[in-house]
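Notes to accompany the following structure.
Just so you know, all these numbers are worked out from the coordinates, no wet-lab data involved. None of the values given here were measured: they were computed from a predicted structure. As a convention, Cβ positions derive from the backbone with ideal geometry for all residues, glycine included, and neighbour counts pool all protein chains shown.
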Amino acid sequence: MDDKGIEKIISLEEIDYTRFWGTNDRMLDFVRMLFPKLKLIVRGEMLKVIGAEDETEAFEAKLNAMVTYYEKFGRINENAIMQIMETGGGPDTEQSDEILVHGRNGLLVKARTPNQRRLVEAVKSNDMVFAIGPAGTGKTYTAVALAVRALKNKEIRRIILTRPAVEAGENLGFLPGDLRDKLDPYLQPLYDALRDMIPQQKLLSYWEDNTIEIAPLAFMRGRTLDNAFVILDEAQNATSAQLKMFLTRMGRNAKFVITGDITQIDLPRNQQSGLVQATQILKDIDGISVIELDNSDVIRHRLVTRIIRAYDSIAQL
């Protein structure tokens, strides 16, 4: 490069760079104003920076802080950028304990009911938590939000999502495609939650490097799960042997959240749900918490609550 300085290419492929720069590149224009000595050229996910070496290095450090802020909160504005320019961090007012994750498109993921807040507190205080409740109570969504928050805060290195597939038998062989294809229909609620909370490109990179891993329950056998936030979903369809196997996979610096609905057990009549047994025999062990959610926690369509109540009334006859 000549006396005009150096040229550096920075990739923003792991974030939603179109939303990062804002409508009509508003944030890009603001950043250009803050770094008038640099020439910034954007081509899709690539940013070319041209200028003096010290100016370029200073800009890259601030840009990295901006990207970190955006990944954490799902948005960025002029106020946050100015705070980063001055201190290297974002506004303290954004650090609300009530907000679990700043998701995509400005979505704020929070615990919205008393029992969901109890679940959040239980995960904070215990390494293993059972979340039991009917459909729509937010048990899985809240668990995923807690896992994403732990990953963003670098409290753990990976997220592992698992569940019994094809009822409890896990007979995946007859289904077409690779493991992800076979599991997709069974893990769709987990995928939906992750897509709400993590930008698409970042999520794809997490799949590729196994930062986020999807696996059937049977594939947990023989493993030790260290430095991980592990969610077992639909645990009511795990047998006692399967659930014991899973629970004993816990390694160092791990959080386990086991979710399930004991009113929707698909096991054969001669098999006891491992979830029912586990909550009975483990509930008094220090470090393990059992949180029960009910129809007052349902945050789906109002009819869902009425449907649950109607079925509950039949079950009591």
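Structure above, values below:
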| quantity | calculated |
| --- | --- |
| The range 191-258: trypsin sites (Lys or Arg not before Pro) in DSSP loop, at most 15 other beta carbons within 10 Å | 221, 223, 252 |
| Set of lysines with alpha-carbon distance to residue 8 below 20 Å, sequence-local pairs under 8 removed | 37, 39, 48, 62 |
| Size of charge dipole - the range 206-317 - debye, nearest 20, with Cβ of Lys, Arg +1 and Asp, Glu -1, no other charges | 200 |
| Cα-centre dipole for the range 204-246 with unit charges at Cβ (Lys and Arg positive, Asp and Glu negative), debye to 20 | 300 |
| Within the range 118-137, backbone nitrogen closer than 11 Å to the virtual label 7 Å beyond the Cα of residue 155 toward Cβ | 120-127 |
| Difference of contour (0.36 nm per residue) and Cα-Cα distance, residue 227 to residue 46 | 61.9 nm |
| Residues in the range 30-61 that a label on residue 6 would reach, taking backbone N under 14 Å of a point 7 Å out along Cα→Cβ | 49-61 |
| Amide H within-cut-off set for residue 294, under 5 Å, with H built and near neighbours excluded | none |
| Linear extension gain, residue 108 paired with residue 269, 0.36 nm per residue minus alpha-carbon span | 53.8 nm |
| Residue list for the range 139-165, given a label point 7 angstrom along the Cα-to-Cβ vector of residue 208 and an amide N cut-off under 19 Å | 158-159 |
| FRET efficiency estimate (nearest 0.05) - Cβ-Cβ, residue 37 to residue 124, R0 51 angstrom | 0.65 |
| Length added when fully stretched, residue 30-residue 218, from 0.36 nm per residue minus Cα-Cα | 62.5 nm |
| FRET efficiency, 1/(1 + (r/R0)^6) with R0 51 Å, evaluated for residue 68 and residue 244 via beta carbons | 0.80 |
